[in-house]
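As structure tokens, the structure follows; a few thoughts come after it.
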Amino acid sequence: MATLQAVKGMNDILPGTGEVKRWQDLEAKFRRTCVLYGFDEVRTPLCEYIELFKRGVGEDTDIVEKEMYTFKDRGDRDLALRPEGTASAVRAAIEHNVVSPDNPVVRWCYLGPMFRAERPAKGRYRQFHQFGAEVYGDNSPAVDAEVIGLASSYLQSLGIEKFVIHVNSLGGPESRAAYREALVAYYSLFRQRLSPESLARLDRNPLRILDSKDPRDVELRDLAPKISDSLTDMDRSHFQRVCNLLRELGVHFVVNEGLVRGLDYYTSTVFEIIDTSNALGAQNALGGGGRYDRLFKELGGHNDQPAFGFALGVERLLLSVPQAAEETPPVRAVILTQRVDPHEDACTVALRLAKILRAAGIETIVDSRAQYSLKPRMRFAQNKLKATHALTIGGVELANNTVRVKRLGAGVHDATEVSFHSVIEYLRGIPTTGCSPDESGAP
Ligand code: AMP
């Protein structure tokens, strides 16, 4: 029978390699940064009605047109695994009426898997993870700058230094209408040279032609009109204020007039964080986001609601984070029972002792495979279980109410018999008087 494998582009993250620890570090630091900025975590379902992403992300985007995992459930409803987090968060904010006169500004963050059926490559997967942050209810440029600043300071807290933030403004509805006209006029001159996909998008959504990767479209892009020529005074001033504030905050950014982002919901400020260390190869975008003031209305909210947010790709952050220096491992005890008759006695003491050690905050694993000799079990404890101490319980120890403690690794091979009531101090490194059977007490 063929061996089953994980779905292509969807990865296992296995313990024992330090990888899970790296994920946990990134998550903990993201949560910490969000708390520092006043963001609360929201958790939304992994799948939603397709309609949400069609209306939110946009029917003409690559994500919705080609990359979504869609399926019918047993009730014949059209669902999709979420390809990104913003649409779901806004759906939840509308559904639960979270932005209200009593609660005018809401700051949410999220962490979790997203799904896109893209061609797998380094830094590009079909299940990947994003950290995101969103602010609803404040249209000030200060929000744009502060949230971009949050993303930037989070990367710095991870030790990522080689990145640059590209920023641009896509303008509000008025600027966008003028820009749309300019794009249609320009690209209409080159209908024969456009890719068929962009030709189809020309009348429906010409902005999407700008993020096409087809060489035919890329070639025409250099001379395409720039959004900055279509911005209204208000949009221009908003963007200038964002740039000024970013300078004030010391955020390293460049204005990139070609940046349009691949999702339809953006208006006004957009940004993308590009890794400049070459650690990521072609997939060098660590994250991106921007303002999306129309999305609430488009998803059925009663009013337009100013909103700004971003998402970072966790797998790409992991590729970009410098390898941390080895930390001193915490004390981790493995209690090994030896062959005694009845073996149950050794097991009882082992489990009791484990309970006491854990209650004192000491990581403890019990190995009750007394049928095997101690040597390979110690090797396993040290190499695979990453234990720092082996605590053996045999006939002598049972009789004396003691345990034999051996420090694993560091070339220490001698073992000490320690009374039960001194084990915790002993493991923590506080000198004890060692073994004295008559002063020992049962756990
Ligand atoms: P987007 O909003 O599509 O720009 O996605 C935000 C970030 O998520 C990107 O900058 C990437 O870091 C990450 N990302 C997007 N798609 C993938 C993918 N297929 N695999 C891994 N990371 C991804």
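Annotations for the structure displayed:
- Residues being modelled with pLDDT of 90 or more, away from the ligand (no atom under 16 Å from the Cβ) and polar (S, T, N, Q) are entirely absent from segment 309-328.
- Test: residue in segment 119-136 that is touching a helix residue (DSSP H, G or I) at 6+ places or on another chain (Cβ under 8 Å), basic (Lys, Arg) and within 19 Å of residue 60 (Cα to Cα): no
- Unmet requirement for residue 41, which otherwise passes all of (1) at pLDDT below 95; (2) under 17 Å from residue 312 (Cα atoms): (1)
- Flag for residue 305 being part of a helix (DSSP H, G or I) and more than 14 Å from the ligand (Cβ to nearest atom): no
- Residues satisfying the stated conditions in segment 285-302, i.e. free of Cβ contacts under 8 Å to residues at least 40 places away in the same chain and either in a loop (DSSP other than H, G, I, E, B) or within 9 Å of the ligand (Cβ to nearest atom) (or both): 285, 288, 302
- Listed by position, the helices (runs of 4 or more DSSP H) enclosed by segment 336-427 that each have at least 1 residues that are buried (at least 19 other Cβ atoms within 10 Å of the Cβ) and of a type in the set (Ser, Thr, Tyr) are 423-427.
- Subset of segment 269-284 that is of a type in the set (Val, Ile, Thr) and outside any loop (DSSP other than H, G, I, E, B) - its residue that is farthest from the ligand (Cβ to nearest atom): 269
- Matching option when the condition is farther than 19 Å from residue 262 by Cβ and touching a residue at least 60 places away in the same chain (Cβ under 8 Å), among 143, 184: 143
- Residue within segment 236-254 that is more than 16 Å from the ligand (Cβ to nearest atom), in a loop (DSSP other than H, G, I, E, B) and closer than 19 Å to residue 181 by Cβ present: no
- Hits in segment 120-129 - residues which are part of a loop (DSSP other than H, G, I, E, B) and near the ligand (Cβ under 9 Å from one of its atoms): 120, 123, 125, 126
- Criterion (farther than 20 Å from residue 267 by Cα and in contact with a Lys or Arg (Cβ under 9 Å, 6 or more places away or on another chain)) met by exactly one of 141, 173, 113, 101: 113
The values are calculated or read from the model by the stated rules, or taken from the named source; none is laboratory data. Computed from a predicted structure; not experimentally measured. Cβ: placed from backbone, ideal geometry, glycine included. Neighbour counts: every protein chain shown.
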